[in-house]
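Read the structure below first, then the notes.
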Amino acid sequence: MQTEDYIKAGKIASEVREMVRVKDWIGKTVYEICEWVEDEIKKRGAKCAFPVNTSINEVAAHYTAEPNDPITIKDTDLVKIDLGAQINGYIADTAVTVCYDPQYDGLVQAAEEGLANAMSMIKAGVKASDIGRTIETTIKQLGYKPIANLSGHSLEQYTIHAGKSIPNIWSIGGFSLSENSAYACEPFVTTSEGGGFVRNGQIKNIFAINSRKKTKDPEADKLLDFIWENFNMLPFALRWITKDREEKEARDLLNILIKKKAVQAYPVLIEVNEQRVAQAEHTFIPTENGVTVTTKA
Ligand code: MN
Ligand code: MN
């Protein structure tokens, strides 16, 4: 059943997130973090809904480790670890910011409080724009800035961004939450020196199928079939297709698929003033009188 699968995925994702929160990642590479977190999700009987994101400091989102990625966590870093579990395509999407420099505790706290205040107002019929207002007010009262062009989203089976946005600022219009639909809420917060927006960076290391149209290159088509069978329309990383293939070959074939527009590549998102960004995220299902937070601790 759909709701049961959302709840199962949520329980697994939140268990793993809470382990991630308390673990000491200093001196670990982003490759080690991604592989460890993804293993913990799989050990509990779920599949990964997307490659674990390890976005450091001014990188707000969408960085995942390259194969054997050597980038190493320092004691001054602020790392957003965003993870997803899925059962039969029903997704739990959740994130935590780890930070070992007390200077940034307030930033992390602002993201957590924005999320907590948003969760406490949810029930069916609540307007997404009102959630945005609550998040924005909470963050600003603490002396920080929300990232205006990042938002939460509706979820559907095998679809992470299912078309509806839950903003992190007040905005005109929007929709009202429906009972028994799944959504993710994810406040992103930067300092008062930040611009409060992200821009696309150069690096692209998260991918997803765009179209299953054949490319006429038999090896590239074989890879496209593999991606479809294993990840459906969900995001994947190069790490996930180099288990049975040489890294260079996989990279070349992936580039063919991107060129033919069979696969889309997502750029990392960077704070416009290169200020640090913190994030917190839950997946939830509104009910008549309240909410089921599927990823609650
Ligand atoms: Mn997420
Ligand atoms: Mn999300």
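The values are calculated or read from the model by the stated rules, or taken from the named source; none is laboratory data. Quick caveat, the model's predicted, so the values are computed rather than measured. Backbone-built Cβ (ideal geometry, glycine too); neighbour counts: all protein chains shown. In case anyone asks, the SASA skips ligands and DNA or RNA and just uses the protein heavy atoms, side chains included. Shrake-Rupley method; radii C 1.70, N 1.55, O 1.52, S 1.80 Å.
Below are the figures for this structure:
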| read-out | value |
| --- | --- |
| Segment 30-51 residues that are under 18 Å from Asn88 (Cα atoms) and within 16 Å of ligand 1 (Cβ to nearest atom), paired with ones that are open to solvent by 20 Å² or more (accessible area, probe 1.4 Å) and basic (Lys, Arg) (beta carbon under 8 Å, 6 or more apart) | Ile41/Lys47; Ala46/Lys8; Cys48/Lys42 |
| Set Ser120, Ser154: member being at pLDDT 95 or above, of a type in the set (Ser, Thr, Tyr) and under 23 Å from Phe50 (Cβ atoms) | Ser154 |
| Output for segment 6-24, where each listed residue is assigned to a helix (DSSP H, G or I) and either of a type in the set (Lys, Arg) or modelled with pLDDT under 95 (or both) | Lys8, Lys11, Arg17, Arg21 |
| Members of segment 156-182 found to be part of a loop (DSSP other than H, G, I, E, B), more than 17 Å from the chain's Cα centre (by Cα) and free of Cβ contacts under 8 Å to residues at least 60 places away in the same chain, listed by number | Ile169, Trp170, Ser171, Ile172, Gly173, Gly174, Phe175 |
| Given (1) in contact with a Lys or Arg (Cβ under 7 Å, 6 or more places away or on another chain); (2) under 18 Å from Gly10 (Cα atoms); (3) open to solvent by 20 Å² or more (accessible area, probe 1.4 Å), index of the condition Leu83 fails | (3) |
| Extreme residue, nearest to Glu229 (Cα to Cα), among residues of segment 158-182 that are surrounded by 15 or more Cβ atoms within 10 Å (Cβ to Cβ) and in contact with an Asp or Glu (Cβ under 7 Å, 6 or more places away or on another chain) | Ile160 |
| Strands (runs of 3 or more DSSP E) enclosed by segment 43-152 - at least 1 residues per element that are in contact with a Cys (Cβ under 7 Å, 6 or more places away or on another chain) | 47-56, 78-87 |
| Test: residue in segment 183-204 that is part of a helix (DSSP H, G or I), more than 16 Å from ligand 1 (Cβ to nearest atom) and open to solvent by less than 80 Å² (accessible area, probe 1.4 Å) | no |
| Answer residue from segment 266-292, given it is within 14 Å of ligand 2 (Cβ to nearest atom) and aliphatic (A, V, I, L, M) and is most open to solvent (accessible area, probe 1.4 Å) among those | Leu269 |
| In segment 70-108, residue nearest to Met119 (Cα to Cα) [restricted to those that are charged (D, E, K, R) and within 16 Å of ligand 2 (Cβ to nearest atom)] | Asp93 |
